Protein chains: 2
Amino acid sequence: MEGVDYLAAERKKAEFDVEEMKIVWAGSRHAFEVSDRISKLVANDPAFRKDERTMLPRKELFKNTLRKATYAWKRINELRLSEEEASKLRFYVDEPSFTDLHWGMFVPAIKGQGTDEQQRKWLPLAYKMQIIGCYAQTELGHGSNVQGLETTATFDPQTDEFVIHSPTLTSSKWWPGGLGKVSTHGLVYARLITDGQEHGIHGFIVQLRSLEDHKPLPGITIGDIGMKFGNGAYNTMDNGVLRFDHVRIPRDQMLMRVSRVTREGKVVESDVPRQLVYGTMVFVRQTIVQDASCALSRAVCIATRYSAVRRQFGSQNGGPETQVIDYKTQQSRLFPLLASAYAFRFVGEWLNWLYMDVMRRLQANEFSTLPEVHACTAGLKSLTTSVTADGIEECRKLCGGHGYLCTSGLPELFAVYVPACTYEGDNIVLQLQVARILMKTVSQLSSGKPPVGTMAYLGRIEPLMQYRCNVQKAKDWMNPNVVLEAFEARAARMSVSCAQKLSKFSNPEEGFAELSADLVEASVAHCQLIVVSKFIEKLQQDIPGKRVKQQLEVLCGIYSLALLHKHQGDFLATSCVTSKQASLANDQLRELYTQVRPNAIALVDAFNYTDHFLGSILGRYDGNVYPKLYEAAWKDPLNESVVPDGYHQYIRPLLKQQLRAAKL
Amino acid sequence: MEGVDYLAAERKKAEFDVEEMKIVWAGSRHAFEVSDRISKLVANDPAFRKDERTMLPRKELFKNTLRKATYAWKRINELRLSEEEASKLRFYVDEPSFTDLHWGMFVPAIKGQGTDEQQRKWLPLAYKMQIIGCYAQTELGHGSNVQGLETTATFDPQTDEFVIHSPTLTSSKWWPGGLGKVSTHGLVYARLITDGQEHGIHGFIVQLRSLEDHKPLPGITIGDIGMKFGNGAYNTMDNGVLRFDHVRIPRDQMLMRVSRVTREGKVVESDVPRQLVYGTMVFVRQTIVQDASCALSRAVCIATRYSAVRRQFGSQNGGPETQVIDYKTQQSRLFPLLASAYAFRFVGEWLNWLYMDVMRRLQANEFSTLPEVHACTAGLKSLTTSVTADGIEECRKLCGGHGYLCTSGLPELFAVYVPACTYEGDNIVLQLQVARILMKTVSQLSSGKPPVGTMAYLGRIEPLMQYRCNVQKAKDWMNPNVVLEAFEARAARMSVSCAQKLSKFSNPEEGFAELSADLVEASVAHCQLIVVSKFIEKLQQDIPGKRVKQQLEVLCGIYSLALLHKHQGDFLATSCVTSKQASLANDQLRELYTQVRPNAIALVDAFNYTDHFLGSILGRYDGNVYPKLYEAAWKDPLNESVVPDGYHQYIRPLLKQQLRAAKL
Ligand SMILES: Cc1cc2nc3c(=O)[nH]c(=O)nc-3n(C[C@H](O)[C@H](O)[C@H](O)COP(=O)(O)OP(=O)(O)OC[C@H]3O[C@@H](n4cnc5c(N)ncnc54)[C@H](O)[C@@H]3O)c2cc1C
Ligand SMILES: Cc1cc2nc3c(=O)[nH]c(=O)nc-3n(C[C@H](O)[C@H](O)[C@H](O)COP(=O)(O)OP(=O)(O)OC[C@H]3O[C@@H](n4cnc5c(N)ncnc54)[C@H](O)[C@@H]3O)c2cc1C
């Protein structure tokens, strides 16, 4: 029945003020109001329909995305949306497109790496979308190793130009989003050569297509790199391939804020500190962590609601069967992900603060905290995207067979999300960077230089090495200090143990390579500690609303104790906890699952996602799953005819044993 | 360059006889010969091309599958292939289709559950594909809980017929493969009702479509349930929805081998033991475990070859960069999966033996081992499919950005494989069944009834509870007995610990529910032990070929020590090993990675997969990755025109600021 809320009984069970939790989730009353308004605007506009997306062949899919992106821009202008509102609108349209790279990479890079003059020239064009830009760094042969890029930009002093060239097949640009079919300009990263000398990798603004007829300019070959993982998903994006055959651009199209090339072809460093790039980096990674909490919460919302609708087994005396959300195995898979979604939300909020802090420090020429900031954002990007990708897939499995249908929304969410583990830094490569800084920090502990920021705990290395957990009963694990200390001790001891093993190698680089798998584990432990500690810090704030804080305390407990259980091996191997204490943590965890159970639906309602945004029949707000699944099935193109295309050619000759003559 | 083997240097490094390893992998010289011949037959026939699969819209994709399936059947007949060869051919065609369910479920179910008379009637039709059958069990509302199915089969004594009916929306059959568009007949599971009495779930052969025009018969509504996860992938299959409106079938179309309905409507049990179903079950699950080793080995083959081609960082003095396969982090993610592929192969081989053994016992009316066999096959299905699904995705990530392209073959492999975690029993539901039998076995230990089969080790519970690992140096971990004992002790202690906790509950069912997450962990530990022990048993056989056995010993070491490391928490919490010993295991593991490294390419060559079957540019035998990736990109439909469809309507008005008038 339409209009009935099949989850009403679940909603009544909630013990806390959902409306207040929505504010907490959004970050502020203002943020909630904007999100709420814009998401509904998108949901109510049929032009933004997306339920047919997984059935469209590539060309139609792509054209449809062009339409939506253009229409979104039109609406943004008509409604005179603020920058905040416009970016929310793009977010709720929920379809990867060239605008992501234009606004998310091209514009910020010009802001960060362009001189004032360059910004004055290019930004107004970009802001009005009179040009569309992409970020062309990765090549067929090089991604992670940016210093290995092969594209060359050779300065020609005769004409005062750079010659952009792709000397090899592997130097073809490969992957940039928006490049394949749309961008008029690219921010191209290339090896700067002047006077026969190499000067490392720099960014160049290169016009790629004619502004009149959209054809690639002379010397430029561009195309789309082809289908990617999943139906719909990232195939709405034209990730592209690009080759240059001696393409000339004026000298002033090299981004010259940090170093510039003079008329004579000399490379001159400017007095702007190189560390400025850190600002952009923290900004981008903060966005990625926010996105992680968003993608994970979406998947969790779907799986939680469906788990309350789905019943299987356990009917007694003809009564209804058990809701699968009541099975402890289901809870032990689902609730830690629910808690992680909240945890990532809060660590994302903190990263936002960190970004402002870094900008303030940069302005004050204060660079000492930057390596730690770098490590922390790299590590959190890696941790949150990995957990989110795996978490979405787990949510899909939690929905049983029906999770495998595109109408569940989960396959597409997974496919579209999972490259976040690879782009903006491969997750393993990033953890190795964190590990490097951790090892450096540990090795300098005796130097008297106290570690800062998220590494400050390493300054208390002696008590942490001596630490013994004094948990005696399950409830003791609800004390945040107890949890924090255990996580600090575990992370510190894993780092110290790696450092000790490293010191036995005569060649430290060899040692680092040999022990890299262990180093990644130490680095993950450090990052998990950051998330736990930021969750705990959040709970020290004043949080209004009936029992809102209590719910968050339960979630914080679930987040940390589920981690403790999962990584029991670390905690036991470093003697941070005894096996008895680990077992008590597990008992407490089960108790927390019971506490969160009646609030589960309300906790995902607090994300305030529209059915449009969720894009999932299983996750419908009203729980009216079965009739809608049934209805949706008939829309598949295969159902256009009862007897399928191919019956006369293939099935009938097969059944009638007339294959010898059949043309196949 | 065509014809150059870019991996030749890698192949030269191999220290063992690859040709002999191929025989070991295939299971026998005969099996190798058949596989080799049939896989090449498929690969060399352009009718079986599959590289365009991820670009086809659903209807074309499906029609193309009909063509291939029919053509395959034609070839099978023309070449007079044996049953073994025919099934290999279908396997190498590598495309889910109605024939999977016809041969894999419909035919075996009639064999297992039909009377001799029914078999004589239906099997010849099915063998010649004069009828095409599907397996229609799952409904919209019920999957795991088969006893909850709602479809009814009511006996009408007046006409000597059953009336098959779908009383509710949720009773619609939902998921059966081959049902949506192709099958002429379905094996429909329904609630038997005679004389107003319910008699549980039984199977009925129901004709669904006219054999003349393929239209659904009166009272029958059928369709496809729509798009599923991934491009190409399982969308070649017509998983269907089916509703019955009082459809009548003759009484003799109920499968009556075990119980039958008489002319008068009485339900009579036959003297055939019910346990016979176990035979089919072991058979089907054995296939699934074989499939797991196959899917995992495919992914590992792709990731291993590409990891040897891909270079990133570490160039010294202008020399080539490091092959990413040389990074220890890459090795620690890849090599345990390589080892798992071999481990699953051998446990699959053993399951094949177990199947014969069970059939022998059934014939001798010997049923005592069946619960253990049931547990063991359920657990191994669950374990191997879960590891394989995760492993394929890990292999995809190991390929960095390029793994996200469909041309890598990995997205489709993942999407097509992953439902194996759900069908034939949800993996968690299965582990809970194992746990139940484990708990029963533990509780009966004092009764003097010795546990059998894979649970026999529990008969040595006392020494296992007293066991202390005596590893003193890393090398000690290469002793198979040491490894086996540690795994036995861990599994036994986890089971015993669960049993002890259970005994504290006054209501055992409540206890089981409350502790179910822990029980699943105990059950997984038990299943891992089975795989480890079967790998070790395999190594006790005579294995010819230069250093073939040694390689397998290295892989066995990697398999078990990587598990030990991953589940360190279990081993430490149960005091099976000390943290020092766990750390030594980890040292030994790193050493084994170094040993396997030069043999890695040869070890995946031993799978003997053709490039056609692999379906991956990254996994090409010759390693000629980059030119082929580049070439393939241009085949995407988006590249049919340089300026994309939609430019004039959308992009140009956007760039030219002419949106106000634009129709969007
Ligand atoms: C959907 C998508 C969108 C993208 N969009 C853009 C874009 O707009 N613009 C752009 O320029 N690029 C883009 N990229 C490219 C992306 O940035 C790269 O794919 C990413 O940087 C990873 O690099 P790679 O592909 O070279 O991986 P590789 O580095 O080749 O990784 C392969 C394997 O090697 C391992 N490895 C590599 N180096 C080391 C090391 N030193 N130590 C240990 N292990 C190592 C990795 O862990 C991984 O397992 C996009 C990619 C994707 C998938
Ligand atoms: C690709 C594909 C092909 C298929 N082909 C066929 C076919 O040919 N014929 C056919 O009849 N069916 C087919 N199926 C259906 C398949 O067999 C079912 O999807 C499967 O049995 C799982 O059942 P479910 O979907 O009801 O999951 P559910 O049981 O609803 O699972 C949902 C969640 O509940 C949990 N859960 C359920 N019961 C319990 C419990 N007692 N304790 C703890 N947790 C529990 C599960 O672990 C899961 O997390 C197919 C499915 C797929 C995806």
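Return only the number of the condition from (1) in contact with a helix residue (DSSP H, G or I) (Cβ under 8 Å, 6 or more places away or on another chain); (2) facing chain B (nearest Cβ under 7 Å); (3) closer than 25 Å to A:A109 by Cα that A:K228 does not satisfy.
(3)
For segment A:334-354, state whether one or more residues are assigned to a helix (DSSP H, G or I), among the β-branched types (V, I, T) and within 12 Å of ligand 2 (Cβ to nearest atom).
No, segment A:334-354 has no match at all.
Restricting attention to segment A:362-385, and to residues there that are outside any helix (DSSP H, G or I) and of a type in the set (S, T, N, Q), which single residue is farthest from the other protein chains (Cβ to nearest Cβ)?
In the first step, residues of segment A:362-385 are kept if they are outside any helix (DSSP H, G or I); the result is A:364-369.
This time we only want the ones that are of a type in the set (S, T, N, Q), so: A:365, A:368-369.
Numbers: A:N365: 32, A:S368: 28, A:T369: 27 Å.
Among those residues, the one meeting the criterion is A:N365.
Out of segment B:88-136, which residues are among the polar types (S, T, N, Q) and within 25 Å of B:Y278 (Cβ to Cβ)?
Restricting attention to segment B:88-136, the residues satisfying the condition of being among the polar types (S, T, N, Q) are B:97, B:99, B:113, B:115, B:118-119, B:130.
Within segment B:88-136, B:Q113, B:T115, B:Q118, B:Q119 qualify.
For segment A:447-458, state whether one or more residues are crowded, with 16+ Cβ neighbours inside 10 Å, within 16 Å of ligand 2 (Cβ to nearest atom) and either of a type in the set (S, T, N, Q) or modelled with pLDDT of 95 or more (or both).
No, every residue in segment A:447-458 fails to be crowded, with 16+ Cβ neighbours inside 10 Å, within 16 Å of ligand 2 (Cβ to nearest atom) and either of a type in the set (S, T, N, Q) or modelled with pLDDT of 95 or more (or both).
In segment B:77-109, which residues are in contact with an Asp or Glu (Cβ under 9 Å, 6 or more places away or on another chain) and crowded, with 20+ Cβ neighbours inside 10 Å?
B:R90, B:S97, B:F98
Please identify the pairs in which a residue from segment A:510-534 that is away from ligand 1 (no atom under 15 Å from the Cβ) and of a type in the set (K, R) has its Cβ atom under 7 Å from the Cβ atom of a residue that is open to solvent by 20 Å² or more (accessible area, probe 1.4 Å) and at pLDDT 95 or above, counting only partners at least 6 apart or on another chain.
The qualifying pairs are A:K534/A:W350.
Conditions tested, residue by residue: (1) in the same structural domain as B:Y467 (by TED's automatic domain parsing); (2) at pLDDT 95 or above; (3) open to solvent by 20 Å² or more (accessible area, probe 1.4 Å); (4) not hydrophobic (A, V, I, L, M, F, W, C).
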site: B:A513; (1), (2), (3), (4): yes, yes, yes, no
site: B:V532; (1), (2), (3), (4): yes, yes, no, no
site: B:P544; (1), (2), (3), (4): yes, yes, yes, yes
site: B:Q550; (1), (2), (3), (4): yes, yes, yes, yes
site: B:G569; (1), (2), (3), (4): yes, yes, no, yes
site: B:S575; (1), (2), (3), (4): yes, yes, yes, yes
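Give all pairs with beta carbons closer than 6 Å in which a residue from segment B:634-646 that is within 7 Å of chain A (Cβ to nearest Cβ) and touching a residue at least 24 places away in the same chain (Cβ under 8 Å) meets a residue that is of a type in the set (K, R) and not in a loop (DSSP other than H, G, I, E, B); count only pairs at least 6 apart in sequence or on separate chains.
Short answer, once both residue conditions are applied: B:P637/A:R58; B:P637/A:K59.
Given the residues B:V241, B:V188, B:V182, which is the only one that is more than 11 Å from chain A (Cβ to nearest Cβ), within 26 Å of A:L405 (Cβ to Cβ) and either at pLDDT 95 or above or open to solvent by 10 Å² or more (accessible area, probe 1.4 Å) (or both)?
Working: B:V241 fails: more than 11 Å from chain A (Cβ to nearest Cβ); B:V182 fails: more than 11 Å from chain A (Cβ to nearest Cβ).
Being more than 11 Å from chain A (Cβ to nearest Cβ), within 26 Å of A:L405 (Cβ to Cβ) and either at pLDDT 95 or above or open to solvent by 10 Å² or more (accessible area, probe 1.4 Å) (or both) holds for just one of B:V241, B:V188, B:V182, which is B:V188.
Residues are listed down the side, and each one gets a yes or a no for (1) part of a strand (DSSP E or B); (2) within 16 Å of ligand 1 (Cβ to nearest atom); (3) away from chain A (no Cβ under 11 Å):
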| position | (1), (2), (3) |
| --- | --- |
| B:V387 | no, no, yes |
| B:D390 | no, yes, no |
| B:C395 | no, yes, yes |
| B:T407 | no, yes, no |
| B:A415 | no, no, no |
| B:P419 | no, no, no |
| B:Q431 | no, no, no |
| B:A435 | no, no, no |
| B:M439 | no, no, yes |
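Answer with yes or no whether B:E33 is under 20 Å from B:R298 (Cα atoms) and free of Cβ contacts under 8 Å to residues at least 60 places away in the same chain. Before the answer, list the steps.
Working: under 20 Å from B:R298 (Cα atoms): yes; free of Cβ contacts under 8 Å to residues at least 60 places away in the same chain: yes.
It is true that B:E33 is under 20 Å from B:R298 (Cα atoms) and free of Cβ contacts under 8 Å to residues at least 60 places away in the same chain.
Out of (1) over 21 Å from A:A517 (Cα atoms); (2) away from ligand 1 (no atom under 16 Å from the Cβ); (3) surrounded by 24 or more Cβ atoms within 10 Å (Cβ to Cβ), the odd one out for A:P371 is which?
(3)
Can you tell which of B:R285, B:R305, B:R260 is in contact (Cβ under 8 Å) with a residue 24 or more places away in the chain and within 16 Å of ligand 2 (Cβ to nearest atom)?
B:R285
Among (1) of a type outside the set (S, T, N, Q); (2) within 24 Å of A:N145 (Cα to Cα); (3) open to solvent by 10 Å² or more (accessible area, probe 1.4 Å); (4) more than 24 Å from the chain's Cα centre (by Cα), where does A:I205 come up short?
If we test A:I205 against (1) of a type outside the set (S, T, N, Q); (2) within 24 Å of A:N145 (Cα to Cα); (3) open to solvent by 10 Å² or more (accessible area, probe 1.4 Å); (4) more than 24 Å from the chain's Cα centre (by Cα), just (3) comes out false.
Please go through segment B:548-596 and give me each residue that is more than 30 Å from B:D17 (Cα to Cα) and among the aromatic types (F, W, Y), ordered by number.
B:F571
If a residue has to be among the hydroxyl-bearing types (S, T, Y) and within 33 Å of the chain's Cα centre (by Cα) to count, how many in segment A:623-661 make the cut?
2
Find the residue count for segment B:647-660, including only residues that are more than 9 Å from every other protein chain (Cβ to nearest Cβ) and open to solvent by less than 30 Å² (accessible area, probe 1.4 Å).
Residues in segment B:647-660 being more than 9 Å from every other protein chain (Cβ to nearest Cβ) and open to solvent by less than 30 Å² (accessible area, probe 1.4 Å): 0 in total.
Assuming B:T280 fulfils every condition listed in (1) at pLDDT 95 or above; (2) in contact with a helix residue (DSSP H, G or I) (Cβ under 7 Å, 6 or more places away or on another chain); (3) more than 14 Å from ligand 2 (Cβ to nearest atom) apart from one, which condition is it?
So B:T280 meets the others, but not (1).
Restricting attention to segment A:109-131, report how many residues are within 12 Å of chain B (Cβ to nearest Cβ) and in contact with a strand residue (DSSP E or B) (Cβ under 7 Å, 6 or more places away or on another chain).
2
Step by step: first the residues of segment B:414-441, then only those that are touching a Ser or Thr at 6+ places or on another chain (Cβ under 6 Å) and open to solvent by less than 20 Å² (accessible area, probe 1.4 Å), then the one that is farthest from ligand 2 (Cβ to nearest atom). Which residue is that?
B:L438
In segment A:244-292, how many residues are open to solvent by less than 30 Å² (accessible area, probe 1.4 Å), assigned to a helix (DSSP H, G or I) and hydrophobic (A, V, I, L, M, F, W, C)? Don't jump to the end; show me each part of the working.
Just the residues of segment A:244-292 that are open to solvent by less than 30 Å² (accessible area, probe 1.4 Å), to begin with: A:244, A:247, A:249, A:253-256, A:258-259, A:261-262, A:265, A:279, A:282, A:284-286, A:288-289, A:292.
Among the residues that remain, those that are also assigned to a helix (DSSP H, G or I) are: A:253, A:279, A:282, A:284-286, A:288-289, A:292.
Add one more test, that the residue is hydrophobic (A, V, I, L, M, F, W, C), and what stays is A:282, A:284, A:288-289, A:292.
Final tally of qualifying residues: 5.
Looking only at residues in segment B:50-72 that are open to solvent by 30 Å² or more (accessible area, probe 1.4 Å) and among the hydrophobic types (A, V, I, L, M, F, W, C), which one is farthest from the other protein chains (Cβ to nearest Cβ)? Break it down stepwise before answering.
Just the residues of segment B:50-72 that are open to solvent by 30 Å² or more (accessible area, probe 1.4 Å), to begin with: B:51-52, B:55-57, B:59-60, B:63, B:67, B:71.
Restricting the remaining residues to those that are among the hydrophobic types (A, V, I, L, M, F, W, C) gives B:55-56.
On the way: B:M55: 6, B:L56: 8 Å.
So, considering only residues that are open to solvent by 30 Å² or more (accessible area, probe 1.4 Å) and among the hydrophobic types (A, V, I, L, M, F, W, C), the one farthest from the other protein chains (Cβ to nearest Cβ) is B:L56.
Within segment B:269-319, restricting attention to residues that are touching a strand residue (DSSP E or B) at 6+ places or on another chain (Cβ under 7 Å) and more than 16 Å from ligand 1 (Cβ to nearest atom), which residue is nearest to the other protein chains (Cβ to nearest Cβ)?
B:E269
Kindly indicate which of A:D326, A:D357 is within 16 Å of ligand 2 (Cβ to nearest atom) and among the acidic types (D, E).
It is A:D326.
Can you pull out every residue in segment A:15-49 that is within 14 Å of chain B (Cβ to nearest Cβ) and crowded, with 19+ Cβ neighbours inside 10 Å? Reasoning before the result, please.
Step one: filter segment A:15-49 for residues within 14 Å of chain B (Cβ to nearest Cβ), giving A:45-49.
Listed by number, the list holds a single entry, A:F48.
Residues are listed down the side, and each one gets a yes or a no for (1) in the same structural domain as A:L405 (by TED's automatic domain parsing); (2) on the phi < 0 side of the Ramachandran plot:
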{"position": "A:R243", "(1), (2)": "no, yes"}
{"position": "A:V247", "(1), (2)": "no, yes"}
{"position": "A:M254", "(1), (2)": "no, yes"}
{"position": "A:T262", "(1), (2)": "no, yes"}
{"position": "A:D291", "(1), (2)": "yes, yes"}
{"position": "A:L296", "(1), (2)": "yes, yes"}
{"position": "A:V309", "(1), (2)": "yes, yes"}
{"position": "A:G318", "(1), (2)": "yes, no"}
{"position": "A:K328", "(1), (2)": "yes, yes"}
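The values are calculated or read from the model by the stated rules, or taken from the named source; none is laboratory data. Because the structure is predicted, anything quoted here is derived from the model rather than measured. We place every Cβ from the backbone using ideal geometry, glycine too, and count neighbours over all the protein chains shown. Just the protein is used for accessible areas: all its heavy atoms, side chains included, with ligands, DNA and RNA removed. Shrake-Rupley method; radii C 1.70, N 1.55, O 1.52, S 1.80 Å.
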